[in-house]
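First comes the structure, then the notes that go with it.
The values are calculated or read from the model by the stated rules, or taken from the named source; none is laboratory data. Since we're looking at a predicted model, the values are computed, not measured. Cβ placement follows ideal geometry from the backbone for every residue including glycine, while neighbour counts extend to all protein chains displayed. Side chains are part of the model used for accessible areas, which takes the heavy atoms of the whole protein and leaves out ligands, DNA and RNA. Shrake-Rupley method; radii C 1.70, N 1.55, O 1.52, S 1.80 Å.
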Amino acid sequence: MCVFCRIVKGETTSEIVYQDEEVTAFRDINPKAPTHILVVPNKHIRSLAYVEPEDTLLLGRLLQVAKALADQEGIGRTGYRLIMNCGYGAGQIVHHLHLHLLGGWDMG
Ligand code: AMP
Ligand code: ZN
């Protein structure tokens, strides 16, 4: 089982910030920004390249959760970045589809 599947099932320690029947979000273990959260589908999908038409609503749910978490983190208005790496060439290390939510930089 992949590391993110284990996090979804609660079999690996992680700082989960959101979970429902379809989506789990947890803090990245090696944060690249003050806020760095990973939003993943509970079901294992290798990457966007493996998404099927029936996953369309699930993809929308990932974005809705990311938006809600950005608000919760207090960066909904100041701004944030969403990144999804797809495949080895893009630097995808964990082959379980995930959205990076990054923000909280001091733009002063
Ligand atoms: P990517 O390059 O898009 O595949 O990014 C994978 C991300 O997962 C990296 O930012 C890692 O720091 C993060 N990561 C790997 N293992 C864990 C873990 N056990 N808990 C939280 N984040 C993790
Ligand atoms: Zn998985």
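Those residues that are part of a loop (DSSP other than H, G, I, E, B) and under 21 Å from G60 (Cα atoms), I need them from region 1-27; list them, please.
Scanning region 1-27 gives D20, E21, E22.
Residues that are within 11 Å of ligand 1 (Cβ to nearest atom) and open to solvent by 60 Å² or more (accessible area, probe 1.4 Å) were ranked within region 12-31; the one that is farthest from L101 (Cα to Cα) is T13. Of the residues in region 65-98, how many are under 20 Å from V8 (Cβ atoms), open to solvent by less than 50 Å² (accessible area, probe 1.4 Å) and part of a helix (DSSP H, G or I)? The total comes to 3. Note on region 26-60: residues that are touching a residue at least 60 places away in the same chain (Cβ under 8 Å) and either over 15 Å from C5 (Cβ atoms) or more than 13 Å from ligand 2 (Cβ to nearest atom) (or both) amount to 8. Exactly one residue among L38, L62, L101 is crowded, with 18+ Cβ neighbours inside 10 Å and part of a helix (DSSP H, G or I), and that residue is L62.
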